[in-house]
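Contents: one structure, followed by commentary.
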């Protein structure tokens, strides 16, 4: 009886310790989430405050009793924000589509095909990741300038249609597919391209979707390269556009409207990530596993 009582006490202490640990963990996570999300909350809050109400605040208020959407109208009418969105959409879709058409066959060749010097070539290919990005930007800028492609969509898109990392990630996924499937398909007379699109891509769908989403986010947030090769407002992307808004009198004076423009630019990526977050995590985890 005494042993049973002692065992119950130890079990209760263990459960109490586990409960305390869980409470502390969730408290720290809640604190960290508050710190991370507060800037987004403040951005959205400022965007729905009227210009007069914002300027009348001697002490910043953490809420508003009279929210307004007028700042969003101002953001889209004071500057050609709609044109920036369209340019960014064209740039993002075209760059992502061309990149996928390039990296999928490249990853397939390294993962499945056998040719002389494949391992050496892949090693040299991976070594490109060691080159500083600044050197690549300078080289691309000189090339695009010499080809007279500044202030064109071609100049914006072409230097961004290849990624060594994405080829590596996709190659590792393709390599996990059993060789027996490939040999069986070849016996049935299936071509390499048909096997790629009918078998390998569907089986690696989470990683393919992850790469597409990450590339879309990368293109949408692209700033340095578009800033270098475009000085014509007709080709500005949202990243350049928001900088133009910030530097203009409109951006410096009407802070609520400026925040409305930032919210409008950030919202598509936030929605994209929230919708596909599970696929992103699944694709990254799959890419890090070797079976």
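Here, each number is a calculation from the coordinates, and none is a lab measurement. Quick caveat: nothing in here was measured; it's all calculated off a predicted structure. Here the Cβ positions follow ideal geometry from the backbone for every residue, glycine too, while neighbour counts run over all protein chains shown.
Assorted remarks:
- Cα gyration tensor shape for the range 56-181, rounded if a/c is under 1.5, else prolate or oblate: prolate
- For the chain, the orientation-averaged shadow of the C-alpha convex hull comes to 26.3 nm² (one quarter of the hull surface).
- Comparing 117, 17, 155 in a Gaussian network model of the chain where C-alpha atoms under 10 Å apart are linked, the largest mean-square fluctuation is found at 17.
- For the chain, calculated [θ]222 nm from helices alone, where every DSSP H run of n ≥ 4 adds -39500 (n - 2.57): -24000 deg cm²/dmol
- Residue of 275, 263, 216 that the Gaussian network model of the chain assigns the largest fluctuation, springs spanning Cα pairs under 10 Å: 275
- Note on 20, 204: ascending count of other Cβ atoms within 10 Å places them as 20, 204, the fewest first.
- Here the Gaussian network model covers the chain, with springs between Cα atoms less than 10 Å apart; of 34, 64, 244, 34 fluctuates the most.
- Note on the range 120-272: semi-axes of the ellipsoid equivalent to its C-alpha gyration tensor, largest first and rounded to whole Å, are 40, 21, 13.
- Three-way shape label, the range 112-170, alpha-carbon gyration tensor, a/c 1.5: prolate
- Normalised by the number of residues in the chain, the mean separation of alpha-carbon contacts (under 8 Å, six or more apart) gives a relative contact order of 31 percent.
- Packing-based exposure ordering (other Cβ within 10 Å, fewest first) of 238, 36, 48, 208: 36, 48, 208, 238
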